[in-house]
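What follows is a short report on a single structure.
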Amino acid sequence: MLLKSDGGKEFEQPPAGTHIARCYQVIDLGTQAGEYQGVANSARKVSIRWELCNELMSDGEMAGKPFSVGKIYTASLNEKATLRHHLESWRGKAFTDAELMGFDSSALLGKACMVNVGMTEKNKAKVLSVASVPKGMTAPAQVNPSVNFSLDKFDGQTFETLSKWLKGEIIKSPEYRKLFDASGQDSWEADPLDDIPHEDDGTIPF
């Protein structure tokens, strides 16, 4: 299905439904300003993306590559947090008390799951839910390189490989500004570095 943006450019959207997928990107966006019920707030955010293993694009230079979908979560494992609900559904079990004290999100990279994709009012794909892969089903090998970025351990070369939009969101965060205020730099500049794919070791849950 082809959709048009306000500027007239066409963007191919993945089909709605439940798809077998692999996580290939976990990006720390830092603390972002927001609003809830008319009240301004802020929270640490994380962007997670998956490739849809069996759904391939057919348009332009991306033809033959898997569609990808992503969701921005509040970076919290609070019992009411959407991220916690999705991760526990994905892994098929609840987090232990020890894991809740500090879960390494990079463990998600390369892991397979089922992603339920819906459509927004503007007919753009959105992630509705994430679940574990049924027994007996195997996900195809990962195509996109795995990318993990954290402001807690800033890697400028990885930062440079991110999309313009992701970098723009990260730059707005106080965590990013604090890093460069301390060094006297305005921002990071580096040449892009090719990412090395993260191999799935076959163990799920993560």
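Data overview
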quantity	calculated
Net length gained if the chain between Val39 and Ala141 were fully extended (0.36 nm per residue, minus Cα distance)	32.3 nm
Net dipole in debye of region 88-186 [+1 Lys, Arg Cβ; -1 Asp, Glu Cβ; about Cα centre; nearest 20]	460 debye
Long-range HN-HN contacts of Val147 with modeled amide H, under 5 Å	Gln25, Val26
Lys126 long-range amide H proximity, modeled H, under 5 Å	Gly118, Met119, Thr120
Ranked by how many other beta carbons lie within 10 Å on average, peptides 25-34, 154-163 from highest	25-34, 154-163
Whole-Hz ³J(HN,Hα) from phi, Karplus 6.51 cos²θ - 1.76 cosθ + 1.60, for region 139-154, glycine and proline x	7, x, 4, 5, 9, 6, x, 6, 9, 10, 9, 9, 6, 6, 9, 5
Highest average packing first - 98-106, 138-146, 13-21, 35-43, Cβ atoms within 10 Å	13-21, 138-146, 98-106, 35-43
Length released on extending from Ala98 to Thr82, taking residue separation times 0.36 nm less the Cα-Cα span	3.8 nm
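Values quoted throughout were computed directly from the atomic coordinates according to the rules given, and no laboratory measurement underlies them. Since the model is a prediction, treat every value here as computed from it, not as a measurement. Counting neighbours? That spans all protein chains shown, and the Cβs are built from the backbone with ideal geometry, glycine included.
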